[in-house]
Amino acid sequence: MTRSFQAVIWDFGGVFTSSPFEAFNRYEAEKGLPKDFIRSINAVNPLENAWAKLERSLVGAEEFDGLFRAEAKAMGHDVPGKDILGLLSGHLRPRVVQALKVCKGHGKVGCITNNAPIGKGASMTHDDEKAAQLAEVFAQFDHLIESSKLGIRKPDPRIYALMCEALDVDPKHCVYLDDLGINLKPAREMGMATIKVTSEEQLLADLEAITGYAVR
């Protein structure tokens, strides 16, 4: 039996677009790096490392380049931060965009994205055509929270509370989707139904099962 929901709240990268982790793994293979090396760098001191500072706009792209490179070297490999920034913007998943439209027909929709102050707009891409395409998706949300503008990032519980306040919804009547388990935990603790996104098809199946909305 499905629950009644007031809102569906979404992450963006790895949900509406292909996961940057896939791009990270391709880069690692090309450069002869251990698989998931980039993710392992970001897992060290996750609240105050180069990545965390970039997503809160405490550093810009140039400073991030050096900070990330130093962190990579400390773990045994030389990886410039600027290389990583070029891997962040994935390919759009049209079926997920269609699912967003279905959800919007049933209630409110919001987006909480940990992003960086790079590229054109919230999408972090430098490609004009892609930026315009992704901007159309961002425009469909009733409310958008960007970590780089707010100065706080997931999994800080405040960011989820701010979204619920902006949408004027009860967390217990919300669904939250993200591709990172660490970002789902605060939402779940607030009472939200959560979906960990591992693939496009799995996202659609789980969203349909939880909400009862015909998203496929």
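Got the relative contact order for the stretch 156-199 handy, in percent, Cα pairs under 8 Å and 6 or more residues apart? Don't skip to the answer; put the middle values down first.
On the way: 51 pairs, mean separation 16.9, N = 44.
38 percent.
Under the definition of Cα pairs under 8 Å and six or more residues apart, what whole-number percent is the relative contact order of the stretch 1-97? It would help to have the intermediate numbers written out before the result.
Details: 83 pairs, mean separation 33.4, N = 97.
Dividing the mean separation by the residue count of the stretch 1-97 yields 34 percent.
Greater than 26 Å separation of Cα atoms is the criterion. Which listed pairs, LYS73/LYS130; LYS53/LYS172; LYS82/LYS149; LYS73/LYS149; LYS104/LYS130; LYS53/LYS82, meet it? Walk me through the numbers on the way to the answer.
Numbers: LYS73/LYS130 33 Å; LYS53/LYS172 31 Å; LYS82/LYS149 21 Å; LYS73/LYS149 29 Å; LYS104/LYS130 23 Å; LYS53/LYS82 15 Å.
Among LYS73/LYS130; LYS53/LYS172; LYS82/LYS149; LYS73/LYS149; LYS104/LYS130; LYS53/LYS82, the Cα-Cα distance tops 26 Å for LYS73/LYS130; LYS53/LYS172; LYS73/LYS149.
Just grab the label-to-label distance for ASN45 and GLU136, each label 7 Å out from Cα along the Cβ direction, in nm (one decimal).
About 4.3 nm, to one decimal.
What spacing in nm lies between the two simple spin-label points modelled at LYS196 and ASP170, each 7 Å away from Cα in the Cβ direction?
According to this spin-label approximation, the distance is 2.8 nm.
Under a straight-distance cross-link criterion of Cα-Cα below 19 Å, which aspartates and glutamates are reachable from LYS35, leaving out those fewer than 8 residues away in the same chain?
Hits, sequence-local ones excluded: GLU22, GLU71, ASP78, ASP83, ASP179.
Applying 1/(1 + (r/R0)^6) with R0 = 25 Å to the Cβ-Cβ distance of ARG216 and ALA161, what FRET efficiency is obtained, to the nearest 0.05? Show your work: numbers first, answer last.
Details: r = 31 Å, r/R0 = 1.25.
Efficiency for this residue pair is about 0.20.
Apply the Kirkwood formula to the stretch 146-216: the hydrodynamic radius equals the inverse of the mean of 1/r over all pairs of different alpha-carbon atoms; give it in Å with one decimal. Can you show the working numbers first?
Values: mean 1/r = 0.0779 Å⁻¹.
About 12.8 Å, per the Kirkwood formula over Cα pairs.
With angles folded into 0 to 90 degrees, how steeply does helix 61-74 sit against the dominant principal axis of the chain? Use alpha carbons for both and round to 10.
Helix 61-74 sits roughly 70 degrees off the main axis of the chain.
What ranking, highest mean first, results for peptides 42-49, 75-82, 140-147, 86-93 when packing means the other Cβ atoms within 10 Å averaged over each residue? Intermediate values should be presented prior to the final figure.
Numbers: 42-49: 12.5, 75-82: 14.9, 140-147: 19.2, 86-93: 17.8.
In descending order of packing, they fall as 140-147, 86-93, 75-82, 42-49.
Hey, got the dipole for the stretch 1-90? About the Cα centre, +1 on K and R Cβ, -1 on D and E Cβ, debye to the nearest 20? The partial results should precede the final answer.
Values: 10 positive and 13 negative charges, 46 e Å.
Dipole of the stretch 1-90, to the nearest 20 debye: 220 debye.
How large, in percent, is the carbon and sulfur part of the accessible surface of the chain at a probe radius of 1.4 Å? Can you show the working numbers first?
On the way: 5280 of 10120 Å².
After summing per-atom areas, the C and S share lands at 52 percent.
Roughly how many whole Å is it from the C-alpha centroid of the stretch 10-44 to that of the stretch 196-216?
23
Can you tell me how much longer the chain between ALA70 and HIS106 gets when fully stretched, taken as 0.36 nm per residue apart minus their C-alpha distance, in nm with one decimal? Could you put the intermediate results ahead of the total?
On the way: separation 36, 0.36 × 36 = 12.96 nm, distance 4.75 nm.
Answer, rounded to one decimal: 8.2 nm.
Roughly how many Å² is the accessible area per residue of the chain, as a whole number, for a 1.4 Å probe? Let's see the in-between values first.
Numbers: 10120 Å² over 216 residues.
Result: 47 Å² per residue.
Just one of (1) 57, 39, 31; (2) 44, 41, 30; (3) 51, 30, 30 is Cα extents along the principal axes in Å as worked out from the coordinates here. Which one is it?
Label of the calculated value: (3).
The values are calculated or read from the model by the stated rules, or taken from the named source; none is laboratory data. From a predicted model like this one, the values you see are computed outputs, not experimental measurements. So basically every Cβ, Gly included, is an ideal-geometry build from the backbone, and we count neighbours across all protein chains shown. For accessibility, only protein heavy atoms count, side chains too; no ligands or nucleic acids. Shrake-Rupley method; radii C 1.70, N 1.55, O 1.52, S 1.80 Å.
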